[in-house]
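**Student:** For reference, the structure I am asking about is given below.
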Amino acid sequence: MHHHHSTIQKNLIISILLNTLIVIAEIIAGIFSNSLALISDALHNFSDLLTLVLSLTAVKVSTWEATPNKSYGYLRVEIIAAFINSSALVIIGVYIIYQAAGRLITPVKIAASWVIVVASIAFLANGFSTYLLSKNSKENLNAKSAYLHLYYDAINSLLVIAAGILIYYFNWTILDPIFSIIIGLFIIKSGWDVVLEAVNILSEGTPKNIDINVVTSFITAFPEVKGIHHLHIWSLSSRMSALSMHVVVPDQLISKGYLIINKLEKALKEKFDIDHPTIQLDADLSKEQNGIIKINGNSENGKGI
């Protein structure tokens, strides 16, 4: 875990330094070239810079030890950071589209050569930063939000390069606001996807890769299990899931029941990658073993109390 976080921190620091240089270069070039597309890309890169700083802070905080008041530690900090970052993306995307709409009505002269050179530098820097965070993005939602910022920045820079080339050779200045709108739409889409994922985790939603009905069928297939109820599955972070449930078993010694719990915990980890299962055993004292399974207050036909 420590090595995982140190790798993310190193990659984030490199990306922060690169994005600082990109923002300065694009703002200066955007002013001199009068290119909204370049300034839009600079604003997006500036949001990335804030995102990367926030992500780096969240990675450091999430490694703090658990306390009596924070029994799970600070795992949710990375989700909060991801939510803030992705929400900022959506707002910036809307702002860019708003600004571009004005230039569609009144196009302005663009110094295309500045646009091409600076956007090319930004593309290379963003592409390298994206490469650094690509692996981390598969394991950490906070890193994923930062990765998406940089990934779409690289695409945005590529679009700006294309607009600059067409403006340089054909003087199609209207392409500057058109490409800015495309950039804005890309930004909104990437940000909104992460917003939804972060909200699902913060609201204790079932992880998107887990179907609670499949988990139910899997558990009740064990011969020792007569039924389950009060089943809850939620995400502690983008990399850690938790489960709690009551499992109905035949009346038996506590030591034997403990073996059932261990068996279920190992199976849940192997099959669904659930890290923190909390299982309570209920003794089946009834003669009838055909009843109902209750999941989160809803009743379903099956084995149970």
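**Student:** Please go through region 214-228 and pick out each residue that is closer than 30 Å to Ser145 by Cβ and touching a strand residue (DSSP E or B) at 6+ places or on another chain (Cβ under 9 Å).
**Tutor:** Val215
**Student:** Looking at (1) buried (at least 16 other Cβ atoms within 10 Å of the Cβ); (2) not in a helix (DSSP H, G or I), which is the only condition Pro223 fails?
**Tutor:** Unmet for Pro223, out of (1) buried (at least 16 other Cβ atoms within 10 Å of the Cβ); (2) not in a helix (DSSP H, G or I): (1).
**Student:** Is it fair to say Asp251 is surrounded by 15 or more Cβ atoms within 10 Å (Cβ to Cβ), of a type outside the set (S, T, N, Q) and at negative phi? Let's see the steps before the verdict.
**Tutor:** Working: surrounded by 15 or more Cβ atoms within 10 Å (Cβ to Cβ): no; of a type outside the set (S, T, N, Q): yes; at negative phi: yes.
When the stated conditions are applied, Asp251 does not pass them.
**Student:** Touching a helix residue (DSSP H, G or I) at 6+ places or on another chain (Cβ under 7 Å), in a helix (DSSP H, G or I) and surrounded by 19 or more Cβ atoms within 10 Å (Cβ to Cβ): which single residue out of Ile14, Ile22 fits that description?
**Tutor:** Exactly one of Ile14, Ile22 is touching a helix residue (DSSP H, G or I) at 6+ places or on another chain (Cβ under 7 Å), in a helix (DSSP H, G or I) and surrounded by 19 or more Cβ atoms within 10 Å (Cβ to Cβ), namely Ile22.
For (1) touching a Cys at 6+ places or on another chain (Cβ under 9 Å); (2) buried (at least 24 other Cβ atoms within 10 Å of the Cβ); (3) of a type in the set (A, V, I, L, M), each residue gets a yes or a no:
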{"residue": "Ile97", "(1), (2), (3)": "no, no, yes"}
{"residue": "Ala111", "(1), (2), (3)": "no, no, yes"}
{"residue": "Trp114", "(1), (2), (3)": "no, no, no"}
{"residue": "Val117", "(1), (2), (3)": "no, no, yes"}
{"residue": "Ser120", "(1), (2), (3)": "no, no, no"}
{"residue": "Asn126", "(1), (2), (3)": "no, yes, no"}
{"residue": "Leu132", "(1), (2), (3)": "no, no, yes"}
{"residue": "Leu148", "(1), (2), (3)": "no, yes, yes"}
{"residue": "Ser157", "(1), (2), (3)": "no, yes, no"}
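**Student:** Select, from Gly191, Gly257, the only residue that is modelled with pLDDT under 95, within 30 Å of Asn45 (Cα to Cα) and in a helix (DSSP H, G or I).
**Tutor:** After applying the criteria, what remains is Gly191.
**Student:** Right, here's the next one. Within region 199-224, which residues are farther than 19 Å from Asp275 by Cβ, of a type in the set (A, V, I, L, M, F, W, C) and either in contact with a Leu (Cβ under 8 Å, 6 or more places away or on another chain) or without any contact (Cβ under 8 Å) to a residue 40 or more places away in the chain (or both)?
**Tutor:** The answer is Ala221, Phe222.
**Student:** Does region 165-172 contain any residue that is assigned to a helix (DSSP H, G or I), of a type in the set (Ser, Thr, Tyr) and in the same structural domain as Val23 (by TED's automatic domain parsing)?
**Tutor:** Here is the first cut: in region 165-172, the residues assigned to a helix (DSSP H, G or I) are 165-170.
If we keep only those that are of a type in the set (Ser, Thr, Tyr) as well, we get 168-169.
Right, trim to in the same structural domain as Val23 (by TED's automatic domain parsing) and you get 168-169.
Within region 165-172, one or more residues are assigned to a helix (DSSP H, G or I), of a type in the set (Ser, Thr, Tyr) and in the same structural domain as Val23 (by TED's automatic domain parsing).
**Student:** A further question on this structure: Limited to region 100-135, what total is found for residues that are assigned to a helix (DSSP H, G or I) and touching a Ser or Thr at 6+ places or on another chain (Cβ under 7 Å)?
**Tutor:** Qualifying residue count for the region: 10.
**Student:** Also, I was wondering about something else. Confirm whether Tyr147 is touching a Gly at 6+ places or on another chain (Cβ under 9 Å), in a helix (DSSP H, G or I) and outside the structural domain of Ser237 (by TED's automatic domain parsing).
**Tutor:** no
**Student:** Does at least one position in region 76-86 carry a residue that is in a loop (DSSP other than H, G, I, E, B), in the same structural domain as Ala198 (by TED's automatic domain parsing) and of a type in the set (D, E, K, R)?
**Tutor:** yes
**Student:** If you don't mind, another one. Looking for something in a loop (DSSP other than H, G, I, E, B), under 21 Å from Asp284 (Cβ atoms) and not assigned by TED's automatic domain parsing to the domain that holds Glu197 - is there at least one such residue anywhere in region 227-248?
**Tutor:** Looking for residues that are in a loop (DSSP other than H, G, I, E, B), under 21 Å from Asp284 (Cβ atoms) and not assigned by TED's automatic domain parsing to the domain that holds Glu197, one finds none in region 227-248, hence no.
**Student:** Any residue that is part of a helix (DSSP H, G or I), in the same structural domain as Thr130 (by TED's automatic domain parsing) and under 16 Å from the mean Cα position of the chain (by Cα) - is there at least one of those in region 36-51?
**Tutor:** So far as region 36-51 goes, yes, one or more of its residues are part of a helix (DSSP H, G or I), in the same structural domain as Thr130 (by TED's automatic domain parsing) and under 16 Å from the mean Cα position of the chain (by Cα).
The values are calculated or read from the model by the stated rules, or taken from the named source; none is laboratory data. None of these values were measured; they are calculated from a predicted model. Neighbour counts run over all protein chains shown; Cβ positions are idealised from the backbone, glycine included.
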